[in-house]
Amino acid sequence: MKIKIFALVLVSVLCSTVTSGQEELIKELPPSWQIEELPPLKAFEKLKPLSKDLINYFDEMMRKKNLCGGVYPIDVDYSLQNSGQWDTLENNDMIWRLAFVASDIKEITLYFCTFIIDDQARFYTYPYNRKYDPCCETNRSNINRKRFVTLMSMMVSDTIVIEYYVPNNAGIGVIKIDRISRSLKEKDLGLKTSSDCTVNVCQEEGINWQLEKNAVAKRDGLYAVLYCHLRKQHNT
C-alpha cells in the first residue's frame, strides 16, 4: 500500500466572525444584502483586458524562476477617498462599496498596502450575483508595513464587490489597494517535474488532478504574501 500526498500552495483568505455594531442586522451578511432602501451600487470599475505583451512577459518571468505561470499583476491605486461609493444610513452608519468587472478572469487577487479598520467596522467581499457566501474581515486583519491579500473566484460572476461597513461610533479607517493580480479562465499553466515522495498538481504526475486543482485557489511565491497548504492524502 502506498500513500501519496498531494500538496498545493494557496493564498490565505482570512474570514472572520462578524460582530457588527448594528444589532438589527444579521451579523454574517453585508448590510447591503439586508437594507432595501440602500441606493443601488453605481461604482463599477471595469478592468481592461490583459495585453498579450503583459501575459508573455510574466509567463517568461515565471518560467525562468521554474514556477507555474498564469498570474498577472498590475499596479493600481484604489482607496476610500479616490474610489467607490459612500452611502450614509438613517442612523449615520456608513457603507462604502466598489465593484470590479472582468469577463475573462478566473480569479482576482487584491493586494492591500494599507488595511486599518476599527474594531467595530467590517470589510466584506462577495460576487455581485451573490451566488456564494460573503467573506468578512475584521480588525484582526489590520496591517501597516506588509501586504494583506484576499483572493476571489470569478467563475460564478464577472463582477466582484468589496464592501466596507462603518458604524457611526467607529473610526473611518484606512484602506488602500495598490496591486491587482488576475488569472485567466482559459490558460494552460504548464507542467513540470516532481520528486518521488509527492504529487504536485502543477506537475506532470498531477495530470489527472487538474479538476481538483481548478477547484481551489493557487498562487506562487512571487506575488503571494500569506500562505496555507492543502494536503490531500489517499491510499493506493
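The values are calculated or read from the model by the stated rules, or taken from the named source; none is laboratory data. Quantities reported herein were computed from a predicted structural model and do not represent experimental measurements. Cβ coordinates were reconstructed from backbone atoms using ideal geometry, including for glycine residues, and neighbour counts include every protein chain displayed.
Mind checking which residues of the range 107-141 are out of contact with any Gly (no Cβ under 8 Å at 6 or more places or on another chain), in contact (Cβ under 8 Å) with a residue 24 or more places away in the chain, farther than 19 Å from W33 by Cα and surrounded by 17 or more Cβ atoms within 10 Å (Cβ to Cβ)?
Residues satisfying the conditions are E107, I108, T109, L110, Y111, F112, C113, T114, F115, S141.
Restricting attention to strands (runs of 3 or more DSSP E) lying wholly within the range 145-196, give those where 1 or more residues are in contact with a Lys or Arg (Cβ under 8 Å, 6 or more places away or on another chain), surrounded by 21 or more Cβ atoms within 10 Å (Cβ to Cβ) and at pLDDT 95 or above. Working first, answer last.
Working: elements: 148-153, 159-166, 174-184.
Fully inside the range 145-196 and qualifying: 159-166.
Just to check your reading of the model, which residue among D93, D104 is of a type in the set (D, E, K, R), in contact (Cβ under 8 Å) with a residue 40 or more places away in the chain, touching a strand residue (DSSP E or B) at 6+ places or on another chain (Cβ under 8 Å) and surrounded by fewer than 18 Cβ atoms within 10 Å (Cβ to Cβ)? Reasoning before the result, please.
Details: D93 fails: surrounded by fewer than 18 Cβ atoms within 10 Å (Cβ to Cβ).
From the options D93, D104, the qualifying one is D104.
A quick yes/no check of all residues on (1) closer than 24 Å to E137 by Cβ; (2) modelled with pLDDT of 90 or more; (3) assigned to a strand (DSSP E or B):
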{"position": "L29", "(1), (2), (3)": "yes, no, no"}
{"position": "E36", "(1), (2), (3)": "no, no, no"}
{"position": "I55", "(1), (2), (3)": "no, no, no"}
{"position": "F58", "(1), (2), (3)": "no, no, no"}
{"position": "R63", "(1), (2), (3)": "no, no, no"}
{"position": "W96", "(1), (2), (3)": "yes, yes, yes"}
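So Y78 passes all but one of these: (1) assigned to a loop (DSSP other than H, G, I, E, B); (2) crowded, with 17+ Cβ neighbours inside 10 Å; (3) of a type outside the set (A, V, I, L, M, F, W, C). Which condition number does it fail?
With (1) assigned to a loop (DSSP other than H, G, I, E, B); (2) crowded, with 17+ Cβ neighbours inside 10 Å; (3) of a type outside the set (A, V, I, L, M, F, W, C) applied to Y78, the lone miss is (1).
Answer yes or no as to whether P73 is closer than 26 Å to R130 by Cα and part of a strand (DSSP E or B). First the steps, then the outcome.
Details: closer than 26 Å to R130 by Cα: yes; part of a strand (DSSP E or B): yes.
Yes; evaluated as a whole, the condition is true for this residue.
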